[in-house]
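Q: Below you'll find the structure I mean.
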Amino acid sequence: MNVAVTLEEVRQAAPPNAAEAGPAPKRIVVGFGFWIFLLSDIVMFAALFATYAVLVHATAGGPTGAQLFSQRSVAIETVCLLFSSYTCGLMSLAVDSRRRDLTYLLAIVTFALGATFLALELREFAGMIAAGAGPQRSAFLSAFFALVGCHGLHVTAGLVWLAVMMAQVAVMGFRANVQRRLLCFALFWHALDIIWVWLFTVVYLMGVHP
C-alpha cells in the first residue's frame, strides 16, 4: 500500500478554511488599499518636509520667510481648514444616521471652508510671485512652493472628491459603497489637516520666529 501523499492531495482533501475560501471582500481590499495610499502620501510629505528643512536657509541673498509670510493670512487659512475638519466629522455622523439634508449642509460648509483656504493660499502665492519671490528665485522658495503647493493640490483634489460624493449621494443615496467612499474622503481630509498643522508649525511659525 502506497502511503506517500503529496501536499496538493492533502490540500484538496482538507476542508476549506474560512480564511482561504477565496479573495477578501471588496470592502476589505478597498479599505486596506486606501490606508496604503494614505501611508504613501505621508511618506511623500515627509520627504518634502526633509527637503525644506535642508534648503530653508538657502535664500541666495533673496527674501526669507520672515520677510514674506503674512501671519494674519496664514492664521485665517489655518482656522478655515481646521474648522472644515470639524464639519467633515459632523458630516460623517450625519451619513451614519442617514440624514441627507444635514449631510448636504455640512458638506457645503466643509467645501466652502476648504475653498476659502485654497483662495487665500493662491492669493499668497500670487503676491509672492508678483514681488519677485517665485520658486525660481532660490532653493528655499523652490522647497516652499513644492511643499505648500503639494498640500494645496491635495486640498483641491479633496474638494473635487467631495463634490463628486455629494452627486453620488443625490443619485444613489446612502448605499454601503457610497458610505465607504465618504468614510475614505473623511480620513483623507483629516489627514490633510494633520499635515497642515505640521506645515504651519515648521514653515510659517518657525519661519517667522526661528
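The values are calculated or read from the model by the stated rules, or taken from the named source; none is laboratory data. None of the values given here were measured: they were computed from a predicted structure. Please note: Cβ atoms are built from the backbone with ideal geometry, for glycine as well, and neighbour counts cover all protein chains shown. Side chains are part of the model used for accessible areas, which takes the heavy atoms of the whole protein and leaves out ligands, DNA and RNA. Shrake-Rupley method; radii C 1.70, N 1.55, O 1.52, S 1.80 Å.
Q: Spot the failing condition for Ala24; the list is (1) modelled with pLDDT under 60; (2) assigned to a helix (DSSP H, G or I); (3) open to solvent by less than 70 Å² (accessible area, probe 1.4 Å), and only one is missed.
A: (2)
Q: Here's another thing I want to ask about it. Output the number of residues of region 57-106 satisfying the condition of being surrounded by 15 or more Cβ atoms within 10 Å (Cβ to Cβ), at pLDDT below 90 and among the aliphatic types (A, V, I, L, M).
A: Counting residues in region 57-106 that are surrounded by 15 or more Cβ atoms within 10 Å (Cβ to Cβ), at pLDDT below 90 and among the aliphatic types (A, V, I, L, M) gives 1.
Q: Could you list, in sequence order, all residues of region 136-155 that are open to solvent by less than 50 Å² (accessible area, probe 1.4 Å) and either in contact with an Asp or Glu (Cβ under 6 Å, 6 or more places away or on another chain) or outside any helix (DSSP H, G or I) (or both)?
A: Those that are open to solvent by less than 50 Å² (accessible area, probe 1.4 Å) and either in contact with an Asp or Glu (Cβ under 6 Å, 6 or more places away or on another chain) or outside any helix (DSSP H, G or I) (or both): Ser138, Gly152.
Q: Does region 160-183 contain at least one residue that is open to solvent by less than 20 Å² (accessible area, probe 1.4 Å), at positive phi and among the small types (Gly, Ala, Ser)?
A: Yes, because at least one residue in region 160-183 is open to solvent by less than 20 Å² (accessible area, probe 1.4 Å), at positive phi and among the small types (Gly, Ala, Ser).
Q: If you don't mind, another one. Taking the criterion of being open to solvent by less than 40 Å² (accessible area, probe 1.4 Å) and within 25 Å of Leu182 (Cα to Cα), would at least one residue in region 117-130 satisfy it?
A: The answer is yes, given that some residue of region 117-130 is open to solvent by less than 40 Å² (accessible area, probe 1.4 Å) and within 25 Å of Leu182 (Cα to Cα).
Q: Taking only region 62-87 into account, find how many residues are without any contact (Cβ under 8 Å) to a residue 40 or more places away in the chain and out of contact with any Leu (no Cβ under 7 Å at 6 or more places or on another chain).
A: Number satisfying all stated conditions: 5.
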